[in-house]
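The structure appears right after this line, and notes come after that.
The values are calculated or read from the model by the stated rules, or taken from the named source; none is laboratory data. What you see is a predicted model, and the numbers here were worked out from it, not measured in a lab. Glycine also receives a Cβ, built like all others from the backbone with ideal geometry; neighbour counts cover every protein chain displayed. For the accessible areas, the whole protein counts, side chains as well, though only heavy atoms, and no ligand, DNA or RNA atoms are used. Shrake-Rupley method; radii C 1.70, N 1.55, O 1.52, S 1.80 Å.
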Amino acid sequence: MGSRFNQRDQKRKVNKIYNIAITIVSILIVIVAVSIFLSDDGTDSKKATTEPKQVAETEKGKVVDKPSGKEEETDSEKEDAVGDSEATEEDAEKEDSKATEEDVEEKAEDDSEEKAEDDADPEKAGDAELVEVEGSGDGNVASTYTSESWKPVGTEQSGEHTTSFEKGSVDWNEMSKAIASGAGIDEGNMKLWWLQNGGSPTTAIGTVSEGDNPKTFRVYIEWVDGSGWKPVKVEELKTNDKR
């Protein structure tokens with residue numbers, strides 16, 4: 001009987017040990033399971049947290065890169081636009097400067113031509129500077145005047161000059177031009193009634209009128225070597241004595 005009791009007591013101890021071992025193992029299993037679960041949850045959470053951040057950073061990088069590229073492109077376009085604008089302004093300034101220079105040159109040429117014409121045209125040079133002088137005593141002379149502004153009309157002739165009263169000759173045409181200048185008449189509308197020697201080889205006298213105007217002038221001219229005929233005196237006649 002004592003042996004049976006001992007067996008039961010021993011069996012009870014073994015069962016108790018088994019139960020404790022099972023309990024310990026169960027606790028360890030629960031701890032390990034909880035640890036694994038918490039570890040997996042933390043990893044997933046960290047991964048979930050990291051991925052959006054990476055995505056956000058990636059998207060942010062894209063957003064930043066895109067405007068940066070656009071800004072660079074815009075700056076380049078601005079530089080091109082500024083360059084084109086400056087080039088256009090420079091071209092416009094050059095054109096304006098060129099046009100201004102051309103206008104100045106043209107005006108200078110026109111002024112020079114007008115001055116040359118005035119210098120060569122005694123009619124224009126002397127109209128405002130005519131001076132009335134004492135007449136010769138001819139009863140047909142209404143008034144007599146002269147002008148220091150009268151100049152030779154120029155000549156195509158060279159060498160020793162010989163006065164020619166041949167109508168249509170170079171000398172005749174140049175005398176007509178000088179007479180028209182002295183009388184202040186357009187040569188194309190002038191009627192030359194008479195042309196004669198003035199008393200020497202270098203002088204001549206012409207009687208002229210303008211178109212249908214009855215006013216008649218007697219013009220005295222003289223030859224200037226190398227420069228041509230020049231008016232020296234004009235008489236306004238009362239009547240045309242050469243009609």
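Starting from the Cα gyration tensor of region 202-243, multiply each eigenvalue by 5, take the square root, and state the resulting semi-axes largest first in whole Å. Over the Cα atoms of region 202-243, the semi-axes work out to 24, 9, 8 Å.
I need the calculated FRET efficiency for the pair Val232 and Gln157, taking r as the beta carbon distance and R₀ as 22 Å, to the nearest 0.05. Efficiency computed from Cβ-Cβ geometry: 0.70.
Here the spin labels are modelled as points 7 Å beyond Cα on the Cα-Cβ line, and at Asp186 and Glu222 they lie 3.2 nm apart. When Phe37, Phe217, Phe165 are compared by accessible area of protein heavy atoms, the largest-first order is Phe37, Phe165, Phe217, using a 1.4 Å probe. Largest first, the residues Asp9, Asp212 sort by 1.4 Å accessible area into Asp212, Asp9.
For region 168-243, the solvent-accessible area with a 1.4 angstrom probe is 46 square angstrom per residue.
The simple spin-label model puts a point 7 Å past each Cα toward its Cβ; for Val131 and Asp9 those points are separated by 17.7 nm. Net charge within 12 Å of Met175 by Cβ-Cβ distance, Lys/Arg positive one each and Asp/Glu negative one each, not counting Met175 itself? That sum, taken over residues with Cβ under 12 Å, equals -2. Ordered from largest to smallest accessible area (heavy atoms of protein chains, 1.4 Å probe), the residues Arg12, Arg218, Arg243 come out as Arg243, Arg12, Arg218.
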